[in-house]
Every structure is written in C-alpha cells, then in structure tokens.
C-alpha cells in the first residue's frame, strides 16, 4: 500500500510523493492524519532559515527532503499491543479509531535534562522531531503530518482528544501548549512585582497564530489589558475579537508612539509582561522598552538563527528586566489545553482561528498563504473529507 | 564648626573642601564616618561615565560637584528624638555612639514600587542617593561618605552593627547586600532545573570587590564549583583564597578556551549560574555561552550607560536562558549580612579583602588605586585614627 | 451634626445609635457610605466568637460596642489636603465626590512585617481594623461601615472605583481581594506539580460569599473543574451559575462519597487545590483527603478561634501536602480586582451575588439573614436611596 | 554460592539467614555492600510501626520477613551490559569495582507523578523499596542492605561515589538527600518573607541522624541561628559541634520555656523555619508555636502512621503558617550531596557522625543501639574488613 505525502524537497519547493506504508514494529503505531497545521517552523524551513537550537548540543540543520507538519491531530489506524499501553501520555489504553494529538518531540530519556525534568523538552538529542527530522529519505519515511499517514515510534507522546472538541480545534493543541510561556510568567509572580499577576497588562508582539493563541491564553488566565502589535489590520482585528484591548499597527505608528501608548495605558509604568511572537529579533528592543521595571520579556519567537541584534545591556540592569528564553513547550499540558479549549468553545470565535484548509497537493500554496497578511492558522487536510466532527 | 570632605569637582578631579556642620532637624542625625568604601559607581563617576538608571524614570546624570562614598560605616554623633526612633531599619532605638551601616538609597515611599515592594529600591525618585546626589552645593551638603561627617535625612535606613564585627568589615556590608543577586538565583530553584541549586556551578565574571564578594556569598550559600575570570592574577589568586575553584585569566586565554574549560568542569553541560561583575557589557556574550540550557545570567555590573552590544537573540530562545537584570540590592538584608560576616570571620581571609586605606586627602589616589590590577576594596578613613575595633 | 450607626452592643444585640460627626484632622477624610457588606467576621462577632489572630502579637478580643462593617464602598464627603494627597493607594488625588473602596486594615508601617512586606498585612499592630476595633465608645467613634459616615484616619488605604462598576459590585472588592489565596496557589506552580496550574481542579469547601467569590476567581484564572460543597442547595446552585462544575450537598452525601466523587473526577488522583471557606475547622480533614499528592490546602476560613481539630500528621507527610494559612488579603490588589470585576460584568450573573440589602435599622436582621441558607452577600445601605449607579 | 543477610523476621526479631546468590538478568547488577545505615524506617519496622504512605495509593504494610537497609554504599560486583549503560543516574558507564550509592526507591515511570516529575518519588507504585519491600521470601530475595550482596533491578538508580569520599561518609548520602527539605525551604523565598532566607533562624526538632544532617545542611546553605531540641545531651552536644547555636533539652525545659527562648533569639518574631525530625507527631504544636508569622514548618519525621494530633486550625490561618509535608527525597541530588560532603570533609567533624559499626550478626544490637540516647548514625558492615577508604 502506498502513502501520499507533501514533501519539502528543498527550500521553496514542495511536491507530492508516494511512500510504502511501513510495517508496525514493537511499541509503534500508524496514525491517519485528520489535520496538520502549518507552523512557523515550516515557514522558516520553506524560506531556507533552517538552523535550529544554535549553541546547544542539538543544534541542527533541516535535512531536506522532509515531510513537514508537527501540529497534528490524527486517528489511530493501526497499533501494536505495546504501543497501545505505552504511547498515550496520561496512561490511557489506545485502540484503532481513537483520536489523538501528539507531541512532535521525542526525547531521549537519558540525558541530564530528561533525567531531571522530562516535562519540558530540553533533551539534548530530540529524535525524531516530527515535521523537521529525520529526512523522509531514511527509516520509515513518514515523520511528518503533511501525509495521509504518520509513523509513530516508541517514545512518541500521544494525547487522547476529549469528545466534543472539533478536529480543527484539536489541531491547535500544540500551539496552545506553547503558550506555557504565560504559565511561566505566572510562576514568576512568586516573586514580588514580577511576572504575570491577576489583572496585569500583557503585550504580544506579532499576531500570527502563535501571537493570537497568546491572546486567548492571557485572557483565560486573568490578564487585564492585552496590547498587541502587527503589520496586518486583518490580524489585529482578529486579535480584538479574541480579547485584545488595544491593537497597534506597526506600519502606521512609530516605535516611540507605540511605547508611549503602552505607557499611557499602564499609568506610566510600562507593561508587566511582553511576549515576542514575531519571529524576528529586531523587535526585541521595542519590547524591552515597553516593559516596566522588573517587567518580564518572553523570547519565544526567534527559534531559528537570525544573526545578532544590538541590545543595551545597561537597560537590562537598570530596569531590572527579566528576559526568559523559551524554545519549546511543556509536554505534560496537552490534556489540559484540549480540555480548556473544549470548555471555552463558546467564549472565543474559534472558527475564525482557522483561516484556510488545503489538500496535500495544495501544501505549497498553504505555506505561501500562511505567510500572507490575510491568513491565520492554515491547515493541511491530507485525507480529503476525513473529519470526525465538522465544526458546529 | 567645619566639616572636611573630599569632593569630586568634576570627572577626574578630587579636592578637599570644608562645609558648615548642618544643624539637626526633626527626624535627622549626623554620623561620624569610620570608613567609606570606594565603589564601582565612584569609579564610573570619576571617569565621567555618569548616566545611571537609563530608560527609567529616575535616569539621572551625576550632578558634580559631589561628595562620593555610599558604602559607609559610621558612629551616630548627634541624633534628634524622632530620628532616634525611626532611622534604624529593624526598630532599634539609636543613641549617640551607636555604630551603624546605612543604605545609600532613600526611597520615596509613595510610588508604585515603594507601595508594593519597598524592600528592593525600584523607587522612581530615589533622593538622596548618598554618594551620588544631590550635589554638595545644595541643601545640607554632606550627602556622601568621603567626609568627616554625614547628614542623615528622614527616611534614611540605618542598621546597627553587631558587636564583634570589625569596622572595616562592616564597611563591606552594602557590597554584601548586593550579592542578593545570588539569593535571587536561589529563588529560581523553585523552578525545576533553574537558578542556583545546592552544589551548583557558579561563574563570576570579574573579580573586583563585587566579584570577590560574590565568591564569598556563593560559598556561604552552598555552591559547588566556583569559576572566576579576570585580567589580574592578583585578583584571581585572592578569589582562590576566598573559595573559588578555577581561575581564568582573560589575558592568557581565549573566550573559546574559557567556555571549553567551563564545559569540561560541568560534564559538558555548562554553568548553572553566571554573574556579570565586570561592569562592561562586552563580556555578556561569553557569559551566556558559558551557561547550560535554562541557565541563569545575572546582569548586575553594567549600572552605567555603556552603549549597545550585539546579542544573538536566537541563542536566548534556543538555550532557554534566563537573563536577570539587578541594578540594586535589597534594603532588608543589611542586618543578616552583617551577622553572617561576623559568623564567618574565621572562615575567610577577610583582612585581605581590604587592600588599601586612604585619608580624605588621598581620595584621588584612592580612586586611582581602586582601578588598578593590584587592589581590592579601597577604603577612605576620613577621621584618621578613628576606629572602634581594629582588626584582629 | 449627628451621624447614625448600627452598633453591635454585645454579641447578639444590634441597635442604632447617634454620634457627633467628627472634625477633620490632618491627613484624614470622612466618607459617606454607599454600601457595607456583612462579612463572616461580623457574623462571628455577633455570635460571640470574638478572638482573632490567636497566637500572634495582634491577638485580640472584639471590644464591644463596635460599629461593624469593613467591606465598604463610599463617597468622599470631606477630605483635608494631606489626606487628599496620601490616602489613595495608587497615588490618585482624591476630592469630595470621589467613589472609593477601602482596606479595613491600617498597618503600623514600622514592625518587621511592614518594613519588609507591607503589601500583605502581617503587621503586628493593625489599628484600626475598621469594623472590628476600636470600639465606638472611644476616639472618633465612626470606625465601621454600618453607619452613615465613616472616619478615615491617616494610613487608611483607599482605592478609587473605576467608572462603570456598580456600587453594589464595588462593595464586593475586599471579598475579591481575599481570593488572593488563589493567586498564592498559582505562585506555587513555580514548583513542579504544586499549586494551581492551568486547567487544574479546585475544590471550594463552603459557598458563602467567600466561597462563591473563590469560584469566580478560579474561573477567571483558568481553573479546569471546580467542585464545591455546602449544606444549602440554594448556594450550591448559585455556585453552578457562577461557574462550578460539580456541586455536593454535605447533607445528602457522606464524606467518603464526596472524596470518592473528587477522585472520580480527577482520574483517581485527587484535587490539585482545596480552599476552606466554611469557617469551621472540622471540615479540614475531609479537604485534605480530597487532595492529590503534593496538593495544596488553603486555610482561610477559620479566622476566629475555634478550638482544636484532630489531624493525622503522617498523612501530611505521606501525601506531601502543602497547608497554607492565609488570614488576610493583599492590600495592593484592590484596583486590579475592581478592574477585573468591571471587565467581567457580563461574564457572571453578578446581580445574584447580592441577595439582600438592608437599612441601618435592619442591621440585626441583616446579620441573621446572612447566616441563613437562603442568602448570599447581604449589604447594608446606611443612606437610603444613596446609590450612584443602580445595577443594570 | 550463598549470601548471608540479617533478616527482620517480625517486629523485634532479627536473625541471620542465607540465600542463594541470584543470577544476573538483563539490566541488573549485584552489589557488594560496604556499609548500610540503620535508618528511622528500620527502627519503626522493628517496633512494628509498619504502615507507610497512608492515604495514598502506595500505602503499604511492611511484608515481614524483610532484609532492612536502604542507606547503602556498595561496590559493583557483577553487572550485565545493559545495566552497565543504564543504572547510573548521571549517565556514567558502570563496571565491576565501581563504588556507588543508590536510591532505595524504584519508581514505575508511568504514573501521573513519574510522567510529570520523576525527580521526586511521588510515584504511586514504588517497587522495590529496598530495605522495606518486597519480602525476602519472594523473587530474588536480596532487596536490602543488611546483606553481603544486594540485587539491583532495572530502574534502580545508582550514583558513582567521587574519589576521596570515605565509604562511611558515602553511606550518609541518602540521609543528606533527605535534607532537600531545606532546599524546598529555600525555594520558598521566592515568596516575600517566606521560607529559608540567607541568615535565617532554623529550628530542628530532634537530633537523630536526620536532625543532625539538617544542622549540617542548614549551615552549608547559609543559615543564621540554628536552634535544636532533643532529649539527649549527647546528641545535643554533637549538634553543637556540627554547627547548632542553641541546644534545648526537652527533659529539662517546658515547651513554653523553649518557645520563649526561640522568641528571645529572634527579636520576638519566632523562627523562620522549623523541621520535624523527631518522628512523633506530638511535637508538631510546639514547632508551630515556635514559628513567626508566615513561617514554614516542614513535616518530614512522621513517615509511619501514628494516629491523630490535636491541631489549632485557627492558629494556622491566623499566623499564615506554611506546613509542608515531605515524605521522601529528590532522586537527582545524590551526586551533588556526595560532592558537597567531599568538599566539606574538613568543615565538620564527620567522623563523629558515625557512632557505631556492627556486623550482620550484630544487626539486632545495631537496631537497639540506634534507638539509644547515646548513638548517632549506626552502620552495618556486612562484609567484615571490606572498606575501600578507611577514614582519615
């Protein structure tokens, strides 16, 4: 049996290829993809910005050709007995037909970080990182979500999707897990006047899907004012519909004006928390300037190598800033994120979060669309018509 | 009656001047200086690097002429009844003859930061900052420690010195309070694998008095390996005597070699904590590179404006670094710091911490000496022969 | 001019008395009461359970006669110039006609706790505690909210009410500030698997106004399942309307059944957080048994002396429980609480939170009503017809 | 080949038995015991106080007969290839002849707690717990340290002992890991005025080996005053030699006197932290009374079921106490603990920590001796004369 997949052959080039369906081995499963989201990483890979985790032991360069797609919701198609017992993170027994989301990172379980804190993937040898590596030229080939089927190796973490959560929203789960950044910001309020406290002002720089999900999460967690910046009025208006209070178009305002607006809205103090969701480091100085003394800056957008940015170190010292890098998400929050999206189905206009759905053949267009100013989350639906829930 | 003081007339120029002894007002006191330490701020002012707290509401430029000196130990010479009840931070009643240290920052008590967290001086209108402002041309003139007497306004926080602590060591109290940076690093171990845990490796960049005190504090708090860098063998060897394990002369090694040595000593992971005590921002990238994933960098040295430094923002994200600016020290830790130095009098070669003592007339030489490679803490003794304790 | 007040002459006895209107002194103000909530403390005082803060330096016994009422919203009637500048916590200048809420605790500002952490009133000599002490026989008499006017001494912390917040909801501000308990629980998630994380299960024991407000706050902060217990179906159903998922009537279930239901709803683990809002210590063992390992129990209800309760200390050790006593609320969260209630006016059926409004003459009935199973927050409106906003 | 072991046949009865030496299986090892410490758990089991982890899923009753002994230092005698790669926690490859300590808890790796936070053994099905279960009647028999050899199953965590650390001191490693309680207390100083801050006063109730190790750890971590209580002058004096400042014999003072002494030594505030190391819950009220407002009580001693203790819940609320149960220790701190003991070999009179050494035949006497007032840590040396290091 053949499996079709959309392959990123090299930067800028997508094509549909066919692979043999792999045979199940001990502890594995094969999933039939419902939806796979186009993520920032996929865009970067498509643009040839392919160096990740620089300066760490698992620094790597995308091994084209690859099957992209790591924000996946899928249905168990075939599973071996050991996989049935072990693959679900929260201990549920899995059977064919079960709907699951998945963590794209498979951690080694043996390095310092895995031994000491496996909930957060600081692992030194992530393998595979579904959607990024290994290449589809090797092994079982099917390591990405832009395909009819995906091969799930032992150690993969699957999470059962609660009944009632539409497939398309389930595809947003990994994205929501990434907003663990704001949970971290909340943790910081164990420190006096630090972090994200009840009623605090949160700035989100950049309203792609990541930024928009930060708006949702901030609102869910008790934020006060939410201020967002972007170049797209379409995206800014979406942010407003999802709970942002103040939207600032960076094409129509100067950095000084935006900083001033933040100050006016925070009694002259500055924002309590700012999150970089643009993916470009040049926005960092503006974000730091928007913060109040002891404010917290979360650097989560720039997850591919982008060169150096001039930073005023004295300002970090003088303002007692806290700059927190977060390159990944917590593996143990998938279940909660799905339950919270389910619980809030009527509190946000979730349907608008998904702006486009493409077939495998349209994967190249999907990538281009995801980079336009008029899109939000773009999904690939590899098996046309395969949807368990629709979207009520 | 006249009071002599060493005045910094402008950058690079010290001279001794005489002032009228001010009259006591309600809530005030006059202290007779035992010792006043030459601090990094004093050196910066002397060099004309005079902009502090840039980017905050209390950004200011040194208002020359000033009387420097904010690391003071003194004896109450005269005190009014209200001052007697209110000036001591821990509630002790003060009388003439009492020996005290003092916090150089007088906070406003009314701004957002003071209302919410007065223990740490994020106050927006520090006034006075003894040793920095106001100028000795205005008000009661005597706002610095390089003088026979100092005028202590209401709101000044004094701390009774415990019996048994030598005067010269008491002069190190504010410096030790600044190592609250490491208490903050300890606080971070509420987060898994973050901050300064029992037995952790701590890097200190720069072994001036601030760096050396960090070595002492790290050792007191349960550090494992302590690794230090400096350009001076004299200072590096002192660090070793105070508890450092590995000393790295930056004139004799490359940054790559130093980073490699840190890696070799941390099982390839990198240091858990690094503290910037050089006072020059160009060392920051090396410090960041020495850290392990989720390591903590404390930026406390660059407390005057020094321009911009190229930083790889992706590295912050990829390594999940935590960069914490700390421009000041906690006001509520003076008593504990004095008690802990007293308790450890025999555990460290404290006598060597003080490398030179100068008279008021020698203040210019004191400043120059403090910038040499062969000095550690340099003290001014404004009243020659006035010492309560000697140093056994 | 005479001022009418409802006086608690002794336990069980309320009567209306008249007092001379005090003259303004330096730093003070006189407020005209809009509403004053009947709080648990008032009920305890009425029942003669009058010992508070036992085992601490500010342990005291209610000095009958008193004017009860510390959950106040009021309009500035008269204010002296210094009061105008100093009484508002967030630095706003106050004028007659301004609507404010107030913190009932006036802290000394000088004790260890005030010097080190004034945001939370661990002060050793709270004076006055409006609504509790001093007696109305002494001083300026008007130290409680069950009166036409209240006398506001220097050091009182007032908080301007944002436009748009109905008076009656503003009267709930102090109550909402007490739910800082859940912010504390959030802070605990700096520790792995501790405290209140996104999507966590929260148990609230007892649905009086305090318990109901905990339901609101938990929902605002991102709780998952909220499980509540009470003896009153009326209150339990209200809790459901405000966001509780599971309601358990303790008259209709055994403790074992309730614990079992909590387990069933938490995949057999137990609740993450439980809050004691009953005000009777005998419920504590049940609450502890409902928790999962490393779960957090917040003891905030039993703020008057109630004798001893048998506790299995081994269970605390074996389950690694965290038991956190919280006798008060944070003074610096009034503004945020008002802003968040304003922001959520349409997200909760706030109108139902206020079940009864009484005049001064009805204060005794108000107290009795507040203890019935069919009431929620009971308000006193001392100036009939005096309401700025109505309630939409 | 036969292996001798000291078996606890039932409460109060020890006898030496012989077992067949088990054959190595995949992932296992056999260790030759250097020393095995007699721990509080062993004493409880000997006294028939045998219910542990009550109220949790892994509540269990000691399955006599057992081989006691879980504080072990041993030499790898035989190890299979997979064990060689996997058994050492920090990733070292193990070979016969390597000296290691071991964690007595083998966690399941699959339950909620293991998935989310494996560093701390909240695991729901610890198996084996070396020294406690399973019985020596089943399986491979050799699951305790009071034996010539111990059988190490897959999943056991071993930790290589650094060169230079004497065998007998290495036997104290698990005990030192238990003082992670104080690291937890340190973590709490992310909260203002909570937990164990630099220079804080720490009370240790009970100076058995656990209490004494708390004195050592508190001193290493920067405690100020250390105040200890016990019934034995011998133990109290040892505590003084290890760094305690104030010793209180509970046979010669009343609780009121002891509380008063704590107050006098803390400027009337109370202790910042108290740790229950007695193992009997009746001491808890005294410990709570010794604390200051917002003080932290660590309940780590009562790890077997001991019935109920009357507690004043209002006091917990009024004093804002934090009561933290800790039934175990962190698995990831063995290496650091060994390194820190090695580093401090000359800072404490470690030799006196070990009061007695017995042979297997003397195991019954060892247990009795460990319960006497004139003993500190009692070791079993199952292989007479087998000691790698001696003790200089």
Going through B:179, B:173 one at a time, which residue ends up being crowded, with 23+ Cβ neighbours inside 10 Å, touching a strand residue (DSSP E or B) at 6+ places or on another chain (Cβ under 9 Å) and closer than 30 Å to residue C:187 by Cβ? B:179
Considering only residues that are surrounded by fewer than 17 Cβ atoms within 10 Å (Cβ to Cβ) and either in contact with a strand residue (DSSP E or B) (Cβ under 8 Å, 6 or more places away or on another chain) or touching a residue at least 60 places away in the same chain (Cβ under 8 Å) (or both), which ones fall in the range D:1-12? D:1, D:2, D:9
Restricting to the range B:291-303, name every residue that is facing another protein chain (nearest Cβ under 8 Å), assigned to a strand (DSSP E or B) and touching a strand residue (DSSP E or B) at 6+ places or on another chain (Cβ under 6 Å). B:299
Within the range C:98-123, restricting attention to residues that are over 20 Å from the mean Cα position of the chain (by Cα) and part of a loop (DSSP other than H, G, I, E, B), which residue is surrounded by the most Cβ atoms within 10 Å (Cβ to Cβ)? C:117
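Please find, among B:313, B:298, the residue that is surrounded by 24 or more Cβ atoms within 10 Å (Cβ to Cβ) and without any contact (Cβ under 8 Å) to a residue 12 or more places away in the chain. Give the steps one after another, and end with the answer.
On the way: B:298 fails: without any contact (Cβ under 8 Å) to a residue 12 or more places away in the chain.
So the residue among B:313, B:298 that is surrounded by 24 or more Cβ atoms within 10 Å (Cβ to Cβ) and without any contact (Cβ under 8 Å) to a residue 12 or more places away in the chain is B:313.
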Applying the selection to the range B:16-35, what residues are touching a strand residue (DSSP E or B) at 6+ places or on another chain (Cβ under 6 Å), over 17 Å from residue B:106 (Cβ atoms) and part of a strand (DSSP E or B)? B:16, B:17, B:18, B:19, B:32, B:33, B:34, B:35
The residue from D:88, D:59, D:82 that alone is over 22 Å from the mean Cα position of the chain (by Cα) and more than 22 Å from residue D:362 (Cα to Cα) is D:82
Test set (1) assigned to a loop (DSSP other than H, G, I, E, B); (2) at pLDDT below 95 - residue D:333 fails condition number: (1)
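Can you find a residue that is more than 14 Å from chain C (Cβ to nearest Cβ) and either buried (at least 24 other Cβ atoms within 10 Å of the Cβ) or at pLDDT 95 or above (or both) anywhere in the range A:183-201?
Start the filter on the range A:183-201 by keeping residues that are more than 14 Å from chain C (Cβ to nearest Cβ), which leaves none.
No, the conditions are met nowhere in the range A:183-201.
Taking residue B:139, is it surrounded by fewer than 19 Cβ atoms within 10 Å (Cβ to Cβ) and at pLDDT 95 or above? Give the derivation first.
Numbers: surrounded by fewer than 19 Cβ atoms within 10 Å (Cβ to Cβ): yes; at pLDDT 95 or above: yes.
Yes; evaluated as a whole, the condition is true for this residue.
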Can you name every one of the strands (runs of 3 or more DSSP E) wholly within the range D:149-268 that holds 2 or more residues which are in contact (Cβ under 8 Å) with a residue 60 or more places away in the chain and farther than 30 Å from residue D:80 by Cβ? D:202-205
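How many residues are away from every other protein chain (no Cβ under 14 Å) and touching a helix residue (DSSP H, G or I) at 6+ places or on another chain (Cβ under 7 Å) when one looks only at the range B:22-36? So that I can check it myself, show each step before the final result.
Let us first name the residues in the range B:22-36 that are away from every other protein chain (no Cβ under 14 Å), namely B:22-26, B:28-36.
Filter again for touching a helix residue (DSSP H, G or I) at 6+ places or on another chain (Cβ under 7 Å), leaving B:26, B:28-29, B:34-35.
So the count comes out to 5.
Only one of these is within 14 Å of chain B (Cβ to nearest Cβ), surrounded by fewer than 20 Cβ atoms within 10 Å (Cβ to Cβ) and in contact (Cβ under 8 Å) with a residue 40 or more places away in the chain: D:339, D:373. Name it. Spell out the reasoning first.
Working: D:373 fails: within 14 Å of chain B (Cβ to nearest Cβ).
D:339 is the lone residue from the list that is within 14 Å of chain B (Cβ to nearest Cβ), surrounded by fewer than 20 Cβ atoms within 10 Å (Cβ to Cβ) and in contact (Cβ under 8 Å) with a residue 40 or more places away in the chain.
Condition first: in a loop (DSSP other than H, G, I, E, B) and more than 15 Å from residue D:34 (Cβ to Cβ). Now tell me which residues in the range D:355-392 satisfy that.
Just the residues of the range D:355-392 that are in a loop (DSSP other than H, G, I, E, B), to begin with: D:359, D:371-376, D:381-392.
Within the range D:355-392, D:371, D:372, D:373, D:374, D:375, D:376, D:392 qualify.
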Single residue of B:347, B:320 found to be within 14 Å of another protein chain (Cβ to nearest Cβ), out of contact with any strand residue (DSSP E or B) (no Cβ under 9 Å at 6 or more places or on another chain) and assigned to a loop (DSSP other than H, G, I, E, B): B:347
Flagged in the range A:1-10 as in a loop (DSSP other than H, G, I, E, B) and at pLDDT 95 or above, in numbering order, are none
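Only one of D:63, D:128 is surrounded by fewer than 20 Cβ atoms within 10 Å (Cβ to Cβ), in contact (Cβ under 8 Å) with a residue 24 or more places away in the chain and under 29 Å from residue D:302 (Cβ atoms). Can you tell me which? Write out each step before concluding.
Working: D:128 fails: surrounded by fewer than 20 Cβ atoms within 10 Å (Cβ to Cβ).
Among D:63, D:128, only D:63 is surrounded by fewer than 20 Cβ atoms within 10 Å (Cβ to Cβ), in contact (Cβ under 8 Å) with a residue 24 or more places away in the chain and under 29 Å from residue D:302 (Cβ atoms).
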Just to be sure before I move on: is residue B:327 at pLDDT below 95 and under 23 Å from the mean Cα position of the chain (by Cα) in the structure I sent? yes
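Specify the residue that is farthest from the other protein chains (Cβ to nearest Cβ); the eligible residues are those in the range A:41-61 that are closer than 20 Å to residue A:208 by Cβ and part of a loop (DSSP other than H, G, I, E, B). Full working, then the answer.
Taking the range A:41-61 and keeping what is closer than 20 Å to residue A:208 by Cβ, we get A:41-50, A:52.
Narrowing further to those that are part of a loop (DSSP other than H, G, I, E, B): A:48-50.
Numbers: A:48: 15, A:49: 10, A:50: 12 Å.
Top of the filtered list is A:48.
Given the criteria at negative phi, more than 7 Å from chain C (Cβ to nearest Cβ) and surrounded by 24 or more Cβ atoms within 10 Å (Cβ to Cβ), does residue D:271 qualify? Step through it out loud before you land on a result.
On the way: at negative phi: yes; more than 7 Å from chain C (Cβ to nearest Cβ): yes; surrounded by 24 or more Cβ atoms within 10 Å (Cβ to Cβ): yes.
Spelling it out, residue D:271 is indeed at negative phi, more than 7 Å from chain C (Cβ to nearest Cβ) and surrounded by 24 or more Cβ atoms within 10 Å (Cβ to Cβ).
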How many residues are farther than 30 Å from residue C:45 by Cα and touching a helix residue (DSSP H, G or I) at 6+ places or on another chain (Cβ under 6 Å) when one looks only at the range C:285-317? 3
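Within the range D:68-78, is there a residue that is more than 14 Å from chain C (Cβ to nearest Cβ) and closer than 25 Å to residue A:111 by Cβ? So that I can check it myself, show each step before the final result.
From the range D:68-78, those more than 14 Å from chain C (Cβ to nearest Cβ) are D:68-78; that's our starting set.
Subset that is closer than 25 Å to residue A:111 by Cβ: D:76.
Yes, that holds for at least one residue.
Check C:231, C:261, C:246 and return the single one that is buried (at least 18 other Cβ atoms within 10 Å of the Cβ) and in contact with a strand residue (DSSP E or B) (Cβ under 8 Å, 6 or more places away or on another chain).
Details: C:231 fails: buried (at least 18 other Cβ atoms within 10 Å of the Cβ); C:261 fails: buried (at least 18 other Cβ atoms within 10 Å of the Cβ).
Of C:231, C:261, C:246, the one residue that is buried (at least 18 other Cβ atoms within 10 Å of the Cβ) and in contact with a strand residue (DSSP E or B) (Cβ under 8 Å, 6 or more places away or on another chain) is C:246.
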Checked B:212, B:165, B:172, B:152 against criteria (away from chain D (no Cβ under 12 Å) and under 18 Å from residue C:115 (Cβ atoms)); the one match is B:152
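The values are calculated or read from the model by the stated rules, or taken from the named source; none is laboratory data. Because the structure is a prediction, the values reported are computed rather than measured. Every residue, glycine among them, receives a Cβ derived from its backbone with ideal geometry; neighbour counts consider all protein chains shown.
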